[in-house]
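Since the structure comes first, as structure tokens, the remarks are kept for the end.
Quick note: the coordinates plus some simple rules give every number you see, no bench work behind them. Note that this is a predicted model, so its numbers are computed, not measured. Neighbour counts run over all protein chains shown; Cβ positions are idealised from the backbone, glycine included.
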Amino acid sequence: MYFEGKIESLAISLDWDTAQSFLDDPSVRLQLLLMAGLICATFIATRLTKWRIHPLAENPDSPPLLRKIWAALERMIAPLFLLSLCLLTVIVFYEYHSPTRDLIRPFTSVAGAWGIFRLVSGFIKSRAWLRLVAVVAFGVAALHSFGLLGATVDLLRKLGFSIGNTEISALDLLNGIGILLGLLWGTSMLATAGETRIRQLPHLPPSLQVLLGKIMRIGLVFFSFAVALSTVGLDLSSFALLGGAVGVGIGFGLQKVVSNLVSGLILLLDRSIKPGDVIEIDGTYGWINSLRARYASVITRDGKEHLIPNENLITNKVINWTFSDKNVRVRVPIGISYDSDPRQAIDLCLDAARSIPRIINSPEPRCLVTGFGDNSVDIELRFWIEDPSNGVGNVRSELLLAVWDRFREGGIEIPFPQQDIHVRGLPKEFFPGRKTETESS
């Protein structure tokens, strides 16, 4: 314990002596003073400039693109001031002074890493991506500050592995990963902007807009991987055999998935079903919210969202209520008593149809006698609506209530099922005490 205490006290004494000798160096003191002055000057310049730029970035009358430019400039004011002052200090300071210990250049590297991080943070909202950018930027700055960046690059070049006849170093792999991540981020932004632009084209149907957006996004992702693999040094032609094997595996193991993908492309091309259509399939009635690569989202009137595979929409019978025309005809059967006047009942039904706001007048409602049933005279009221996505059952219920009210006011009877029984030739034991016609005579 005694020797351990002596060793610890000696280590603390050495650390203090090293720090004291470091701070006693006039060149170090001068550089620390310069760095403190650069930070203060950056703070003052940022405060004086930011209050002028902030109103321009928040001005609602300016175009959106101009507001984004001012917001990016406001975000970059402090790093730009600090980096500019550091570069100016490096030029002037090392022109007239040769320090024994260099602190300005590492400080400049950190300022550059800060500027890169602030620039990228304006385009990336994910915290995980921001942490990765921060680690890479400040890690490179730290290696450069301590003079280890060149040695680290040489070490990464020596570390590697082989794929066939191709030698791939760790540095190539890191470069490929970095380029791939950057390209995926850039192509994602480009694809989003392209899809927004495609949706604004008035002459393109919704299904074709979705198809073009998907083709563009898939093409950009494929381009990103191709560029990244080429950067690593891999020959893309060597993946032909692997691609064939993957294709066979997909054909046997992912038949349903591939079938749904192909069915989705067919639906987008022939436009038989598109977003906004009202369809009915296997008892499911609703409107198509979106068409995805594997399934279609159908929202029913009760708020349930059904995910129907695209293959079912191709192979099964589908009723598309709005395929060529959004107007839909609804049939409502009605029965009246044989004692009632069918002509009066028809007039009352038509009057009830005209009183419903959702029933359109062109084509106008029609009411016809369809037959003479066992218990009623059968009539059918036919009318048109132009908003089937709002439901059919509710407008039918509203119409029947209006018909009910008018039938009661007009004295029209709605019959219920009934049967007349005629009894002939029953044995007399069913009627004790009653004489037959022969006995009475």
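Some observations on this one:
- For residue 405 and residue 198, the difference between the fully extended length at 0.36 nm per residue and the C-alpha to C-alpha distance is 69.3 nm.
- Applying 1/(1 + (r/R0)^6) with r as the Cβ-Cβ distance of residue 258 and residue 317 and R0 = 30 angstrom yields a FRET efficiency of 0.85.
- Translational diffusion of the stretch 39-88, µm² s⁻¹ [Kirkwood Rh, Cα pairs; Stokes-Einstein; 4 °C; 1.567 mPa s]: 114 µm²/s
- Taking the average, over residues, of other Cβ atoms within 10 Å as the packing measure, peptides 311-320, 394-403 rank 394-403, 311-320 from highest down.
- Cβ-Cβ distance of residue 135 and residue 414, R₀ of 51 Å, FRET efficiency by 1/(1 + (r/R0)^6): the value works out to about 0.05.
- Segment residue 304-residue 341, extension gain: residue separation times 0.36 nm, minus the distance between their alpha carbons: 8.9 nm
- Two-site label geometry, residue 266 and residue 29: point separation in nm, points 7 Å out along Cα→Cβ: 8.5 nm
- Two-site FRET efficiency, residue 227 against residue 362, from Cβ-Cβ distance with R₀ of 45 Å, rounded to 0.05: 0.15
- Exceeding the 22 Å Cα-Cα cut-off - candidates 214/317; 214/304; 68/214; 256/317: 214/317; 214/304; 68/214
- Rh (Kirkwood; distinct C-alpha pairs) - the stretch 273-320, Å: 10.4 Å
- With coordinates expressed along the principal axes, the C-alpha atoms belonging to the stretch 283-366 extend over 58, 26, 24 Å, beginning with the largest.
- Taking each residue as 0.36 nm, the span from residue 53 to residue 40 lengthens on full extension beyond its C-alpha to C-alpha distance by 2.7 nm.
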